[in-house]
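Following: one structure in structure tokens, then a few remarks.
Just so it is clear, none of the values below were taken in a lab; they were calculated from the coordinates. Values in this document were obtained by computation on a predicted structure and should not be read as measured data. Because the Cβ atoms are built from the backbone with ideal geometry, glycine has one as well, and the counts that use them run over all protein chains shown.
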Amino acid sequence: MTAPEPARCIVLISGGGTNLQALIDAERDGLPVRIAAVISNEPQAYGLVRARAAGIATRVLSHRGCASRDDYDRALARLIDEFRPTILLLAGFMRILTPRFVAHYRGRLLNIHPSLLPDLRGLHTHRRALESGARVHGASVHFVTDELDGGPVIVQARVPVLPGDQPETLAARVLQREHLIYPLAVRWLAEGRLTLGDDGLPRLDGQILDRPRLLEDEEAPAEGR
Ligand code: GRF
């Protein structure tokens, strides 16, 4: 029997692209996706350099000079659809998306967010976690819906907040875990194990995910614990 075709995937970025790099590395290590293109709204995004180094097509679609958010998102969707992706991944893409755009990719559009959603939606999550006195912080992968950082959460990784942590040290610790949970969720989606039902509920292997999976639990069997 021949192996199924890898899922065609587009990654949207605006910045450094370490999550993109984690996906590129995971693809090389057997993640069943093919990253068909990386698209950035920022021409200087370092993630574009990472993509080119990996031989992946890149496109820049600047939002500057675009008359409206709707115009931009229509142009973005046209660009994306030229690559005929089955999966669309936001990896540090710093734009709010229109409902029309989100609906077009419903169930195949994921985002990674640096907090334990539903806590700390929006920006500056690491600073806000420290200010709140939280002992635990982390990252989440979720389906994208109209609600900013509000779609159903699929998998999370928790990290301890340590004495003396600064936003930068905490961010670095969270980012390491992001690089594990994003490829994990993408694998589930690419393998058809992860779906978003018409009822708005995420399902993994046909079971409703009434709470996010935790990276710690996913890693446990592999480590024989
Ligand atoms: C990550 O913290 C991600 O969770 C957030 O934006 C950041 C992107 O980092 N959405 P990178 O560009 O992948 O290094």
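With both residues required to sit in the chain, DSSP beta bridges show an antiparallel share near 45%. Its Cα gyration tensor gives segment 151-191 an equivalent ellipsoid, and the semi-axes of that ellipsoid, as √(5λ) in whole Å with the largest first, are 25, 10, 7. Both radii were evaluated on the Cα set of segment 49-166; the Rg over Rh quotient, with Rh as the Kirkwood radius, amounts to 1.02.
Determine the sum of side-chain charges near Ala36: Lys and Arg each +1, Asp and Glu each -1, restricted to other residues whose C-beta is under 10 angstrom from that of Ala36.
Values: positive: Arg8, Arg34, Arg84; negative: Glu82.
Result for the local shell: +2.
Placing dummy labels 7 Å off each Cα toward the beta-carbon, the span from Asp25 to Glu82 is 3.1 nm.
If I stretch the segment between Arg95 and His124 completely, what's the gain in nm (0.36 nm per residue apart, minus their alpha carbon distance), one decimal?
Numbers: separation 29, 0.36 × 29 = 10.44 nm, distance 1.49 nm.
Extra length available between Arg95 and His124 comes to 9.0 nm.
If you run the Gaussian network model on the chain, springs between alpha carbon atoms under 10 Å, then out of Gly55, Gly47, Gly16 the most flexible one is Gly55.
Pair-distance distribution P(r) for the chain, from all Cα-Cα distances in 10 Å bins starting at 0: 8, 33, 38, 19, 3, 0 percent. Highest GNM mean-square fluctuation among Thr169, Thr18, Thr125, for the chain modelled with Cα contacts below 10 Å: Thr169. Between Asp70 and Leu162, the simple spin-label model (points 7 angstrom out along Cα→Cβ) gives 5.0 nm.
Can you give the log10 of the normalised intensity I(q)/I(0) at q = 0.26 Å⁻¹, computed with Debye over equal Cα scatterers of segment 1-93? Here log10 of I(q) over I(0) equals -1.40.
Here the sum of -39500 (n - 2.57) over DSSP H runs of 4 or more residues, divided by the residues of the chain, equals -10000 deg cm²/dmol at 222 nm, to the nearest 500.
Can you give the FRET efficiency for Ser132 and Ala172, using 1/(1 + (r/R0)^6), R0 = 22 Å, r = Cβ-Cβ distance, to the nearest 0.05? It would help to have the intermediate numbers written out before the result.
Numbers: r = 19 Å, r/R0 = 0.87.
For R0 = 22 Å, the calculated efficiency reads 0.70.
The modelled label-to-label distance for the pair Leu214/Gln44, using points 7 Å beyond Cα in the direction of Cβ, is 4.1 nm. Between Gln44, Gln156, Gln176, the GNM of the chain built on Cα springs shorter than 10 angstrom shows Gln44 fluctuating the most.
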